Structures are given as C-alpha cells and as structure tokens.
Amino acid sequence: MRKKLFFATFLTILLAFTLTACSQKKKQNVYQTVKETKTINWGVKADTPLFGAINIKTGQINGFEIDLAKALTKKMFGKKVKANFVTTTANTKIQLLKNKNIDVVIAAMTITPEREKQVDFSKPYFPAGQSIMVNDHSKIKNVKDLNNKKVLIVKGTTSADAVKKFAPKAEILQFDDYGQAFAALKAGQGDAFVTDNGILAGILRDNPGYKLVGGNFTDQPYGIAVNEGQTEMHQQINSALTQLEKDGTYNRLVNKWFGKIPGLKVKEIK
Ligand code: GLU
C-alpha cells in the first residue's frame with residue numbers, strides 16, 4: 001500500500017514538472033531570449049539578388065534585407081545584440097521558424113492568407129508583385145501570352161499559383177533556386193521566367209539580353225515573419241520599422257539597393 005502511495009505521489013510530481021516545462025517552452029518569449037543570449041537569428045535568402053545574395057568572393061550575404069535586418073536589430077536591441085544570418089529557401093523558412101532554428105524571417109516572403117495561418121507578419125516593407133522575364137527576342141508581352149508556353153518558376157514560391165490563376169494553360173517547370181531557374185531560361189528550356197519584380201530586376205542588372213514584360217500582374221508585398229504568438233517580437237519589429245521609416249534609414253536603404261536598378265521603382269516613404 002505504501003509503495004503504491006509513494007508511486008502515485010512520484011507520478012503526480014513528475015506530471016507537474018512535465019506540464020510546467022511544456023508550458024514554459026510554449027510561452028518562451030523570443031524577444032526576451034534574444035536579449036539574454038545577445039544574438040538574433042534572422043532567416044534570409046542567399047540566392048536572391050538585391051534582397052539576400054551570397055558574395056562568392058567574401059562568403060558574406062548582402063542585400064536590402066540584410067541591411068534592413070541589421071538596422072532593425074540595432075533599433076530593437078542596441079549595439080549589444082549580434083545579428084546572425086541563416087540561409088533559408090522558400091520551402092524551408094516556415095519550418096525553420098517553427099523549429100526555433102531562426103527567430104525572425106526577412107526573406108522575400110510574400111504575405112499570404114495561407115501563411116498567415118502559421119506565422120505573424122509585420123506590416124509590408126517591400127511592394128512586390130509577380131513579373132515576367134523573357135529573352136530580348138521573345139514575342140511574349142503579358143501574362144496572358146504565357147498560356148501554352150513553358151514557364152520557369154522556383155519551388156515553394158507564390159509564382160506557381162499566380163501563373164495558374166492568370167495563365168491556366170501555361171506549363172509550369174519548377175527549380176530549386178533562382179540561379180537554376182535563370183540558367184534554364186538561358187538554356188532555352190522554357191519561354192519565360194516568372195517571379196517577383198525586384199528579384200527579376202536584380203537578375204536582369206547582371207544579365208544583358210533579357211527584358212521584363214507586362215509590368216506586375218499581382219500585388220504581393222513582403223512582410224517580416226515571426227512565429228505565431230510572439231507578440232512582443234512582433235510589436236517590436238513593427239515599431240522599429242516605423243522608426244526606420246521616420247528617421248530616413250528605410251529610404252536610404254531603398255535608394256542604395258533599388259535606386260539605380262532599371263525598371264524598378266520603389267516608392268520612398270514620405
Ligand atoms: N515572394 C515569393 C514567396 O514568398 C518568393 C520567396 C522566395 O524567394 O523565397 O513565395
């Protein structure tokens with residue numbers, strides 16, 4: 001009898017411990033953890049010219065989003081917290097956030113209702129939309145012309161749904177990253193390459209012989225994502241973004257990265 005009682009008490013204590021541990025894990029406040037550990041892990045792109053792309057010479061990732069993440073880190077935490085950059089892809093960013101491998105995503109990530117079920121987005125920080133790249137001699141002029149054509153896109157991005165919606169008869173070919181999709185266009189494996197306007201403009205800058213046609217056929221701005229329920233981090237990011245807009249940092253970065261890019265007009269915040 002005594003043994004049974006001892007065992008039952010032991011089990012109750014164990015259960016209480018487990019429940020406390022679980023609820024603490026659930027309640028972990030990423031903003032406070034970053035403050036304590038003095039490191040913030042930003043999920044970024046490394047294959048996306050102008051936004052986040054690796055420089056082969058230095059091995060560093062550069063781009064508008066990298067600069068913006070550094071400025072946000074400083075605004076939110078001062079100089080003591082280090083911004084660490086972790087490479088993500090369209091397919092991995094939400095999972096890495098859920099697994100707590102990264103704290104925040106700033107990675108050309110379009111705000112969609114589907115994604116909003118899993119993460120919380122900041123207010124928009126870049127006015128992206130789908131656009132079309134073709135070679136200079138192509139007769140394709142707009143999204144409707146993509147019907148019955150081979151269209152190259154990157155896996156896990158919003159491009160597939162956009163093409164299916166506006167050119168339902170297009171044949172979609174999917175690639176792992178922007179380098180591979182563009183290489184396929186160059187090799188003539190497809191008639192057009194579709195993704196966000198800013199990304200295509202970045203690729204175009206370094207590759208003569210191609211053009212963007214038809215303007216943007218969707219309006220799909222980017223947001224910064226945090227895990228659901230990370231209210232403090234979410235609020236801090238939004239208020240830091242507003243401060244960067246007010247103090248001119250945002251406009252300075254827009255000009256630095258997009259100011260001289262042909263065909264890309266990004267409105268400054270007044
Ligand atoms: N804006 C696109 C999307 O959110 C591209 C993402 C990416 O390149 O990772 O699906």
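Applying 0.36 nm per residue to the separation of LYS100 and ARG252 and subtracting their alpha-carbon distance, the gain on full extension is 51.6 nm.
Working from Cα pairs under 8 Å separated by at least six residues, relative contact order for the chain is 24 percent. Using only the alpha-carbon atoms of the stretch 85-154 as identical scatterers, what base-10 log of I(q)/I(0) does the Debye formula give at q = 0.11, 0.14 Å⁻¹? Log10 of I(q)/I(0), two decimals: -0.42, -0.62. Computed 3J(HN,Hα) for the stretch 261-266, one whole-Hz value per residue from the Karplus formula 6.51 cos²θ - 1.76 cosθ + 1.60 where θ = phi - 60°, is 8, x, x, 10, 10, 10, glycine and proline marked x. Each Lys and Arg adds +1 at its Cβ and each Asp and Glu adds -1 at its Cβ; summed about the Cα centre, the stretch 100-201 shows a dipole of about 340 debye.
Helices meeting the span-like rule in the chain (full DSSP H runs, Cα extent of at least 24 Å along the helix axis, mean Kyte-Doolittle score of -1.0 or higher): 2-27.
Taking the DSSP bridge list for the chain and keeping only pairs wholly inside it, about 55 percent are antiparallel. For the chain, the spread of Cα coordinates along the three principal axes comes to 88, 45, 35 Å, biggest extent given first. Contact order for the stretch 89-174, expressed relative to its length and based on alpha carbon pairs under 8 Å spaced 6+ residues apart, stands at 27 percent.
A simple charge model with +1 on the Cβ of Lys and Arg, -1 on the Cβ of Asp and Glu and nothing else charged puts the dipole of the stretch 147-189 at about 220 debye relative to its Cα centre.
Here the simple spin-label model places points 7 Å from the Cα toward Cβ, and for ALA183 and GLU36 these points are separated by 4.4 nm. In terms of its alpha-carbon gyration tensor, the stretch 216-270 comes out oblate; a/c meets the 1.5 threshold, while b/c is at least as large as a/b.
Assuming charge only on the beta carbon of Lys and Arg (+1) and of Asp and Glu (-1), the dipole of the chain about its Cα centre is about 760 debye to the nearest 20.
Stokes-Einstein, applied to the Kirkwood radius of the stretch 111-270 over Cα pairs at a viscosity of 1.567 mPa s and 4 °C, places its translational diffusion at 76 µm² s⁻¹.
Taken together, the values in this text are just the output of simple stated rules run on the coordinates, not laboratory data. Values in this document were obtained by computation on a predicted structure and should not be read as measured data. Note that each Cβ is placed from the backbone with ideal geometry, even for glycine, and that neighbours are counted across all protein chains shown.
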